[in-house]
Amino acid sequence: EAGVVQSPRYKIIEKKQPVAFWCNPISGHNTLYWYLQNLGQGPELLIRYENEEAVDDSQLPKDRFSAERLKGVDSTLKIQPAELGDSAVYLCASSRGGANTEAFFGQGTRLTVV
Amino acid sequence: AQSVTQLDSHVSVSEGTPVLLRCNYSSSYSPSLFWYVQHPNKGLQLLLKYTSAATLVKGINGFEAEFKKSETSFHLTKPSAHMSDAAEYFCVVRALGGNTPLVFGKGTRLSVIA
């Protein structure tokens, strides 16, 4: 089966510009996650969806970050405006749901804000 | 709340010698525990998972981990390191009884010396 697909793989933008990331999860996976990974750190959760509902977005900086998962499949994560400190890898993952199921990760989008 | 502590940020071993990557967890509920590996410029890949069945869990590429509730530990081991094992390893916890996300440790970088 196809894995989690993210695009773009790399993005370089100037500060204050908007940017968007796209994620296509594994077919049939109801749970979708967006994680942020800074250099040398473990991934940190930004938002988690169960189908189209955001069930955990407490770590999402809502003044500049937004996300959506229309129809409970693909998802987009947007930053507007981007700041220098947003430079990081943005990871998308999906799972079938349930506490003992693992998540499958995409390759991530490496964002550089200059 | 859940948390994970990876006790070593960097471990270096010689090829052919045993590997031990240490992980301690904290969870309000019975946990599910996972180990993921991340090779440079690659996505996160699941090595193994513990979900309240056998306490000794075998994973891919010869890795295994033992769940020890009394010590709140889930250390990752491999009898003989291979050059291709050099990567970043993440210990991950999720509360089995709660609707919670995956919580990552900060990671341990494994170097394998020829």
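Each reported figure results from applying straightforward, stated rules to the coordinates on display, with no laboratory input. Not measured: the values here are computed from a predicted model. Virtual Cβ from ideal backbone geometry, glycine too; neighbours counted across all protein chains shown.
What the table shows:
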item	result
For chain B, size of Cβ-based charge dipole, Lys and Arg +1, Asp and Glu -1, in debye	240 debye
Filter on A:Lys15/B:Lys106; A:Lys11/B:Lys78; A:Lys11/A:Lys62 - keep pairs with C-alpha separation over 29 Å	A:Lys11/B:Lys78
Cα convex hull of the protein assembly as shown - mean projected area over all directions, nm²	12.4 nm²
Flagged links, alpha-carbon separation over 21 Å, of A:Lys16/A:Lys78; B:Lys42/B:Lys69; A:Lys16/A:Lys71; B:Lys49/B:Lys69; A:Lys78/B:Lys49; A:Lys78/B:Lys42	B:Lys42/B:Lys69; A:Lys16/A:Lys71; A:Lys78/B:Lys49; A:Lys78/B:Lys42
Over chain A - Rg/Rh using Cα atoms and the Kirkwood inverse-distance radius	0.95
The stretch A:77-114 and the stretch A:1-71: distance between their alpha carbon centers, rounded to Å	4 Å
Label-to-label distance, nm, for residues given as B:Lys69 and B:Thr17 (7 Å Cα→Cβ offset)	3.6 nm
Cα centroid separation, the stretch B:73-114 to the stretch B:31-60 (Å)	7 Å
Residue (of B:Thr72, B:Pro31, B:Gln45) at the positive-pole extreme of chain B, dipole from beta-carbon charges	B:Pro31
Cβ-based charge dipole, the stretch A:5-113, positive-most Cα from A:Thr31, A:Val5, A:Gln41	A:Val5
Using distinct alpha-carbon pairs, which all enter the 1/r mean, Kirkwood radius of the stretch B:56-114 in Å	13.2 Å
Only Lys, Arg (+1) and Asp, Glu (-1) charged, at Cβ; chain A dipole about Cα centre in debye	360 debye
Listed residue (B:Ala87, B:Asn61, B:Gln2) projecting farthest to the positive dipole end of the protein assembly as shown, Cβ model	B:Ala87
Expected-Rg normalisation [2.2 N^0.38 Å, Cα atoms] applied to the stretch B:3-113	1.01
Per-residue mean of C-beta atoms belonging to partner chains within 10 Å, peptide B:36-43	4
Relative contact order %, the stretch B:3-113, counting alpha carbon pairs below 8 Å whose residues are six or more apart	38 percent
Theoretical FRET efficiency, 1/(1+(r/R0)^6), r = Cβ-Cβ of B:Ser52 and A:Asp56, R0 25 Å, to 0.05	0.65
Set of aspartates and glutamates near B:Lys58 by C-alpha distance (under 20 Å), chain-local residues within fewer than 8 positions excluded	A:Glu102, B:Glu66, B:Glu71, B:Asp85, B:Glu88
Local electrostatic count, B:Lys49, Cβ distance below 10 Å [Lys/Arg +1, Asp/Glu -1]	0
